[in-house]
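Worksheet for the structure shown next.
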Amino acid sequence: QVQLIESGGGLVQAGDSLRLSCVASGRTETVTATGWLRQAPGKEREFVALIRWNGRTSDYANSVKGRFTITRDNAKNSIYLQMNNLTAEDTAVYYCAGYKVYPYSNYHAAADYWGQGTQVTVSS
């Protein structure tokens, strides 16, 4: 099993930045990719960003390209999501997800491990 713990959420104003962190523990050798998904009230959980465990490949939702950056630190078993120029539409609970197999679609259904989520609220 793999445990994922997110942190870094909070309340910010539109245009501000936040950095989310996700620390993995347990059998991390089974994880080939880690990503971020988010869920706004009344909406389905949606893909945000993904990165391979070796950091060589990353992918982003169109809605966050150019504003969000996903990175990882293998030494710390951690991934990060730098979020810049936040808007009210970015308000959601952000979840860290771990994948045994790198997904190319269906990011929600394909996740093998989940964190508990961290709330990001952007006031306009």
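A short reminder: the numbers here are calculations on the coordinates, not readings from a lab. In this text the structure is predicted, and so the values were computed from the model without any measurement. As a convention, Cβ positions derive from the backbone with ideal geometry for all residues, glycine included, and neighbour counts pool all protein chains shown.
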Check: Based on Cβ point charges of +1 for Lys and Arg and -1 for Asp and Glu, what charge dipole magnitude is obtained for the chain about its Cα centre, in debye rounded to the nearest 20?
Finding: 260 debye
Check: Could you give the longest part of the chain that holds none of the trypsin sites (Lys or Arg not before Pro) found in DSSP loops with at most 15 neighbouring Cβ atoms within 10 Å?
Finding: 68-99
Next item on the list: Give the span of the chain's Cα atoms along each principal axis, as three whole-Å numbers ordered largest to smallest.
Entry: 41, 28, 25
Next item on the list: For every other residue with a beta carbon closer than 14 angstrom to the beta carbon of residue 107, add +1 if it is Lys or Arg and -1 if Asp or Glu, then tell me the sum.
Entry: 0
Next item on the list: Please report the relative contact order for the chain, taking Cα pairs under 8 Å with a sequence separation of at least 6, and give it as a percent rounded to a whole number.
Entry: 36 percent
Notebook entry, point to check: Where in segment 89-124 does the label zone of residue 17 land, with the point 7 angstrom along Cα→C-beta and an amide N cut-off under 17 Å?
Noted result: none
Check: In deg cm²/dmol and to the nearest 500, what is the mean residue ellipticity at 222 nm of the chain if only DSSP H runs of at least 4 residues count, each as -39500 (n - 2.57), divided by the residue total?
Finding: -500 deg cm²/dmol
Notebook entry, point to check: So what's the net charge close to residue 77: Lys and Arg +1, Asp and Glu -1, counting the other residues with Cβ under 14 Å from its Cβ?
Noted result: 0
